[in-house]
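Heads up, the thing below is written out as structure tokens.
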Amino acid sequence: MVAMSSDSVQSLLSSTVSNFQIAPDVQAISRISDHIRILKSARDWERDQMLDILRSLSRRLELAKTAATVGSSPTRRSHTEKILELDREKFSLAKTINELESAYHSSESTLARLNEELERVKNEDVMAEASSAQQDPTILLLKIYRSLGISLEDDGMGGYGKVLVRSHQKNDVHVLSMDKAYSNFFVANYLWDMM
């Protein structure tokens, strides 16, 4: 092994160092360090912003939970009572609906029966009126009197003892005793005056 002198070692090191160009590497490392410091600062700022938002949202959540449990939510007992009240109302309405449906069906059948009876009575009445008018003109005359508000009362001996006159305008009733002393003219005028 050959021993080197300190001068030759120094010249060797100087030539080696002069062959290395470390200035661009130092500048790159400095730039990278600056970028790392800027990114770290931006990340720290963004983290602080997110933490502030998280704290604000946490406070709002706690306030909402407190308001929901204290003020607006019903207690279990009142909620149960409300459900029971609504169930009672539902059953009451169902019962009322069933009763109304039953009454409706009953009314429908009654109406149908009454309509049938009305038709039967109309047919009988028309036939009876036609036959009685042909048989007895006195019945027809009595019907005309009744339509005018005049009723004749039978005296039990085949004649008429009293005449009742109902006045629809005056809303009263007048009685005329059928006396033989009254002329037909007087009776007719009296009846017309009282109607």
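Remarks
- 3J(HN,Hα) along segment 41-54: 5, 5, 5, 4, 5, 5, 4, 4, 4, 5, 5, 4, 4, 4 Hz, from the Karplus curve 6.51 cos²θ - 1.76 cosθ + 1.60 with θ = phi - 60°, whole Hz, x for Gly and Pro.
- Local electrostatic count, K162, Cβ distance below 11 Å [Lys/Arg +1, Asp/Glu -1]: -4
- Long-range amide H partners of Y182 with built H, under 5 Å: none
- Extension gain (nm, one decimal) between D172 and D155, 0.36 nm per residue minus Cα-Cα: 3.8 nm
- For segment 97-103, 3J(HN,Hα) computed residue by residue from phi via the Karplus equation (6.51, -1.76, 1.60; θ = phi - 60°) reads 4, 4, 4, 5, 5, 4, 4 Hz, glycine and proline entered as x.
- Working note: Cα atoms of the chain, range along each principal axis, descending, whole Å: 187, 40, 36.
- Across all Cα atoms of segment 52-111, the radius of gyration (one decimal) and Dmax (whole number) stand at 24.5, 80 Å.
- Exposed trypsin sites (Lys or Arg not before Pro) absent: longest stretch of the chain, with sites in DSSP loops and at most 16 other Cβ within 10 Å deemed exposed: 1-169
- Computed from Cα atoms, the angle from the helix 137-148 axis to the main principal axis of the chain rounds to 50 degrees.
- Taking amide H as placed 1.01 Å from N in the peptide plane, the amide H of K162 sits under 5 Å from that of E153, M178, each at least 5 places away or on another chain.
- Placing a pseudo-label 7 Å from each Cα along the Cα-to-Cβ vector at H79 and E117 gives an inter-label distance of 5.8 nm.
- Shape category assigned to segment 136-195 from the gyration tensor of Cα positions, a/c cut at 1.5: oblate
Quick note: the coordinates plus some simple rules give every number you see, no bench work behind them. No experiment lies behind these values; they were computed from the predicted model shown. FYI the Cβ positions are ideal-geometry reconstructions off the backbone, even for glycines, and counts take in every protein chain you see.
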